[in-house]
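Readers should treat all values here as calculations from the given coordinates under stated rules, not as data from a laboratory. Just so it is clear, the structure is predicted and the values come from calculations on it, not from any experiment. Using ideal geometry, Cβ is built from the backbone for each residue, glycine included, and neighbour counts are taken over all protein chains shown.
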Amino acid sequence: MQNAMQCGDDRLLMFNNNCYLVVNYPEVNWNTAQQVCRGIKSSLASVLSPEEAKFVSTAIRKNAEYRTNAIYWLGGKAEPASDFSWLDGNPMEFQGWIPGRQPSENDLVEDEKRCLAIQWTPSSIPSLPSGLYWQTK
């Protein structure tokens with residue numbers, strides 16, 4: 001009830017004075033997801049801290065429509081010859097890649113691989129749990 005009062009909609013979740021909406025259907029590309037967000041006077045999320053990453057991952061997993069094969073878009077994008085940055089201008093200091101698997105510029109050659117998402121990633125390494133990690137899409 002507190003979320004509905006503060007965010008104005010009971011589907012929205014509050015974290016650090018920001019409202020979040022987890023959506024995974026229908027599947028759309030990053031540009032369409034960003035346009036939909038703009039249409040409701042919002043934007044794709046920037047994840048600025050480990051605490052926020054945990055909140056976002058938990059919100060995704062608790063969503064009634066959660067599927068392990070779904071893609072959940074974030075507000076990060078890589079421009080040609082640059083690293084990822086947040087659309088809202090915040091610095092990308094926290095990163096949620098699988099440890100040791102952050103993409104290099106060579107990995108970001110194709111335009112469609114320049115957008116940032118969270119997706120379930122199985123781990124073949126016993127010391128690294130499977131989970132929701134950042135992916136380029």
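Listed by first and then second residue, the pairs linking a residue in the range 113-137 that is among the small types (Gly, Ala, Ser) to a residue that is in a strand (DSSP E or B), with Cβ atoms under 7 Å apart and 6 or more places separating them unless they lie on different chains, are Ala117/Tyr72; Ala117/Trp73; Ala117/Leu74; Ala117/Gln135; Ser130/Thr121; Gly131/Thr121. Pairing each residue of the range 47-71 that is at negative phi with any residue that is assigned to a loop (DSSP other than H, G, I, E, B) and of a type in the set (D, E, K, R), provided the two are 6+ apart or on different chains, yields C-beta distances under 9 Å for Leu48/Glu93; Ser49/Glu93; Ala70/Glu27; Ile71/Glu27; Ile71/Lys137. Residues in the range 118-136 that are in a strand (DSSP E or B) and not hydroxyl-bearing (Ser, Thr, Tyr) were compared, and the one that is farthest from Ser57 (Cα to Cα) is Gln135.
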